[in-house]
1. Do any residues in segment 410-434 that are in contact (Cβ under 8 Å) with a residue 40 or more places away in the chain have Cβ atoms under 7 Å from those of residues that are open to solvent by 40 Å² or more (accessible area, probe 1.4 Å) and of a type in the set (S, T, N, Q), where the two are at least six apart or on different chains, and which pairs are they?
2. Within segment 201-215, take every residue that is surrounded by fewer than 20 Cβ atoms within 10 Å (Cβ to Cβ) and in contact with a helix residue (DSSP H, G or I) (Cβ under 8 Å, 6 or more places away or on another chain) and give me the one that is farthest from ALA267 (Cα to Cα).
3. Would you point out the residue of segment 139-166, among those that are under 30 Å from ALA191 (Cβ atoms) and in contact (Cβ under 8 Å) with a residue 60 or more places away in the chain, that is nearest to the chain's Cα centre (by Cα)?
4. One residue is enough: does segment 453-469 have a residue meeting the conditions among the hydroxyl-bearing types (Ser, Thr, Tyr) and touching a helix residue (DSSP H, G or I) at 6+ places or on another chain (Cβ under 7 Å)?
5. Can you pull out the residues in segment 172-189 that are of a type in the set (A, V, I, L, M) and more than 14 Å from LEU67 (Cα to Cα)?
6. Among the residues of segment 22-73 satisfying the criterion of being in a strand (DSSP E or B) and of a type in the set (Phe, Trp, Tyr), which is least open to solvent (accessible area, probe 1.4 Å)?
7. Given the condition touching a Ser or Thr at 6+ places or on another chain (Cβ under 7 Å) and among the small types (Gly, Ala, Ser), answer yes or no: does some residue in segment 189-200 qualify?
8. Could you tell me how many of the residues in segment 33-65 are hydroxyl-bearing (Ser, Thr, Tyr) and in contact (Cβ under 8 Å) with a residue 60 or more places away in the chain?
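The values are calculated or read from the model by the stated rules, or taken from the named source; none is laboratory data. Note that this is a predicted model, so its numbers are computed, not measured. We place every Cβ from the backbone using ideal geometry, glycine too, and count neighbours over all the protein chains shown. Accessible surface is based on the protein model in full, side chains and every heavy atom, while ligands, DNA and RNA are left aside. Shrake-Rupley method; radii C 1.70, N 1.55, O 1.52, S 1.80 Å.
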Amino acid sequence: MLEFAWVILPIIVPLLGGIVCFLLPARCRWLGLLWAIATLICVAGLGWQLSQLEEVRYPIGGWGAPLGIDLFADGLSLMMLMTTALTGLGISVYACGYFGADKAGHFWPLWLLLWGALNALFLSADIFNLYVTLELLGLAAVALVALAGGAQALTSAMRYLLVGLLSSLFYLLGVALLYHGVGTLDLALLAERIVPSPSAWVALGLMGAGLLIKSALFPLHFWLPPAHANAPTPVSALLSALVVKAAFYILLRLWWALLPATTVPLAQLLGALGGIAVVWGGLLALRQTRLKLLIAYSTVSQLGYLFLVFPLGIGLAWKGAVYMVLSHAMAKAALFMAAGNILAAAGHDRIAEFDPILQKLPLTITAFTLAGVSIMGLPPSGGFVAKWLLLQASVQSGQWWWALILLLGGFLAAAYLFRVIGCVFTQAKPSTSLQEISPQMAWPPLVMALLAILLGLLAAPPMTMMELGAPFSLRGSG
């Protein structure tokens, strides 16, 4: 079994599932759920293989780099795959109850295509295949945003498409320049051959600009809140929990593989933009009157924490950032699904009118509160572990100002989340005209929120998992 090519299954299985759901739309809800479970099993199989081998490189068709296409998996890849699989399964269960027969036939093929593209991205070993998977991911995401219908959703999808095409163009130009100068696309070979030169800096600058747009880092976040807030709830959850992390993953890989250790000013700039995003996103979340928009601006804020890894280096900081990816995915999916339940029950998500509603949705408000604990970074949650690692890295490196950003971000998150939670503790008479929420929609947000809390109590296994293959052992700290 150790020789079995587990690494290709997380790509093939969701893609096959998407085709099956497209051909059998009448049964796509339960078929889609079965394929989601199968994908999780495949990722678990790859995890078992990596626990024995530390890392896996697989040449597709027997043609290795630089002529062929290689797949590569280590602890970082596995963490991203596992995050996608667990969060994706929770969203899949929720989607079974959310979509009617008319929209389910469109949702499942697109969602499984997006899932396959995400997995392929996390397993790609060269920069051109990363571009191809980014394109597949973007096109599927745009179609899913448009699934809601209506002028706002279509406008948001069109803006998302144009921004995605512009960022892809930047990235592709960078890939072309880099290939012209170095003669290979394989990431490992690039790391060996690249030398500092004007053309290399221009190429890496273009690629970085494209990835920063896709990851919605301040001030390039303008496209994210409307796209995430106007999409159907399962789509909002997967965009905010998973899709925006793909560009960050590529940036993380490229940064320590290709950039020399003399990029301290650039690392400080990325950290500064991340810090501004934490504060700016939190302040804008405080001003929102609709719950889904509040959660979308919270994503802008939370994404800022990830970029603190660049000035803080690869000692503890990269583990904190990756743990933030994992815990944020669980908590943010739970928040969006809870918001979707409120919207489905009451017919609106206006925060000022929540007083008579939330008391009638105990599971939903419990899930929202538990997820909020992780978003705020309070113990014993996964968000706390992630922020603690980043805090330790800032103290150890003497860059105390990032610790202040971490604390300020936590206070802002508490302020905007308690605006919603506080609605439960009022004297308003509970509403009697709410729509019933099905069990498929009521339980997944609670399960995801509990997972976000458990990540704080059981942090050792994920930490061991992400160290497999020592993803960043070849370069010194930044």
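1. Filtered contacts from segment 410-434: ILE421/THR369; VAL424/GLN359; PRO430/GLN359.
2. Here is the first cut: in segment 201-215, the ones surrounded by fewer than 20 Cβ atoms within 10 Å (Cβ to Cβ) are 201-202, 205, 209.
Pick out the ones that are also in contact with a helix residue (DSSP H, G or I) (Cβ under 8 Å, 6 or more places away or on another chain) and you get 202, 205, 209.
Values: VAL202: 17, GLY205: 13, ALA209: 14 Å.
Of everything passing the filter in segment 201-215, VAL202 is farthest from ALA267 (Cα to Cα).
3. Filtering first and then ranking leaves ALA141.
4. The answer is no; no qualifying residue exists.
5. Within segment 172-189, LEU172, LEU173, VAL175, ALA176, LEU177, LEU178, VAL182 meet the criteria.
6. First, pick out the residues of segment 22-73 that are in a strand (DSSP E or B): 56-59, 70-73.
In the following step, the residues that additionally are of a type in the set (Phe, Trp, Tyr) were identified as 58, 72.
Values: TYR58: 73, PHE72: 38 Å².
Out of the qualifying residues, it is PHE72.
7. no
8. 2
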